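Some notes on the structure that comes next.
The values are calculated or read from the model by the stated rules, or taken from the named source; none is laboratory data. Because the structure is predicted, anything quoted here is derived from the model rather than measured. Cβ: placed from backbone, ideal geometry, glycine included. Neighbour counts: every protein chain shown.
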Amino acid sequence: MAALLSLALGHTAVTDVAAVGRILTLRSLSLSATGVRDVWPLATLTELESLELAGVQISDLTPLGTLAKLRRLDLNSTKIRDLAPLATLGRLEYLDISNTDVSDLTPLRELHALKRLFANLIEVCDVGPLSQLGDLSVLTLLGSPVVDITPLGMLRNLKSLDLEGTQVADVTPLNSLKELAWLDLTGTRVRDIGALSTLKRLTIRGLELFRLAAS
């Protein structure tokens, strides 16, 4: 019998993953929008590269700290608060922590392979830990209380940045990001984008606000 590599149980009535934890060959697992509350059985799935837990009411990420091969992790709309268990996931390239109780990004500073980070609608003010993520190309911070984006000026490979609904007023730190191609400033406090005039690839959403302010 061929080894089972992928299992999609999202949007089902599954609540217990004890049996899933015995499928040691799994590389991809989706449990999004299920009734699962205990993910400890998943700690044995050390071959996992993709894990989707969006909408699952879990709060403890400790069992995931053993999944060293994870490249994709979706935690959108979970009850998580502490990202510390993820600090060991050095291969992680995609992470979604949107709409969670996370307020501290410090554990992410060692995730140097991270390319896409979705951190919408969370109470994060300090983006300093992200300055070490040199491979990051997509970052979304929609609706967060971020004010100071100075650390983001270190992200030389950043191509897409969503600041919609944040408290950002000064985008000057972004003027060194030559790869930046998309920037969403809708609903921010930004009123001067002159510092970005040298970024020839850049498209800015929310420009109508500046046109109205100038008229």
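Out of all the residues in region 53-72, is one or more of a type in the set (Gly, Ala, Ser), touching a Lys or Arg at 6+ places or on another chain (Cβ under 8 Å) and outside any loop (DSSP other than H, G, I, E, B)? Among the residues of region 53-72, not one is of a type in the set (Gly, Ala, Ser), touching a Lys or Arg at 6+ places or on another chain (Cβ under 8 Å) and outside any loop (DSSP other than H, G, I, E, B), which makes the answer no. Checking each residue in region 24-34 for being part of a loop (DSSP other than H, G, I, E, B) and either at pLDDT below 95 or crowded, with 16+ Cβ neighbours inside 10 Å (or both) picks out Leu26, Arg27, Leu31, Ser32, Ala33, Thr34.
The residues of region 171-194 that are within 16 Å of Ser144 (Cβ to Cβ), assigned to a loop (DSSP other than H, G, I, E, B) and not hydroxyl-bearing (Ser, Thr, Tyr), listed by number, are Val171, Leu185, Gly187, Arg189, Val190.
Count, please, the residues in region 75-93 that happen to be part of a loop (DSSP other than H, G, I, E, B) and in contact with a Gly (Cβ under 9 Å, 6 or more places away or on another chain).
4
Inside region 120-136, can you point out the residues that are of a type in the set (S, T, N, Q) and surrounded by fewer than 18 Cβ atoms within 10 Å (Cβ to Cβ)? Listed by number, the residues that qualify are Ser131, Gln132. Against the numbered list (1) under 18 Å from Leu92 (Cβ atoms); (2) hydrophobic (A, V, I, L, M, F, W, C); (3) touching an Asp or Glu at 6+ places or on another chain (Cβ under 6 Å), Leu158 comes up short only at (3). No other residue among Leu4, Leu51 is surrounded by 15 or more Cβ atoms within 10 Å (Cβ to Cβ) and of a type outside the set (Ser, Thr, Tyr) apart from Leu51. The set of residues in region 94-148 that are assigned to a loop (DSSP other than H, G, I, E, B), β-branched (Val, Ile, Thr) and within 18 Å of Val168 (Cα to Cα) comprises Ile122, Val124, Val127, Val146, Val147. The residue of region 174-201 that is surrounded by the fewest Cβ atoms within 10 Å (Cβ to Cβ), among those that are within 22 Å of the chain's Cα centre (by Cα) and aliphatic (A, V, I, L, M), is Ala181. In region 137-155, the residue that is surrounded by the fewest Cβ atoms within 10 Å (Cβ to Cβ) out of those that are without any contact (Cβ under 8 Å) to a residue 40 or more places away in the chain, touching a strand residue (DSSP E or B) at 6+ places or on another chain (Cβ under 9 Å) and more than 21 Å from Arg91 (Cβ to Cβ) is Ile149. The residue of region 103-119 that is farthest from the chain's Cα centre (by Cα), among those that are surrounded by 19 or more Cβ atoms within 10 Å (Cβ to Cβ) and under 23 Å from Gly10 (Cα atoms), is Ala119.
Scanning region 176-189 for residues that are in contact with a Gly (Cβ under 8 Å, 6 or more places away or on another chain) and either at negative phi or of a type in the set (Ser, Thr, Tyr) (or both) yields Ser176, Leu177, Asp184, Leu185, Thr186, Thr188.
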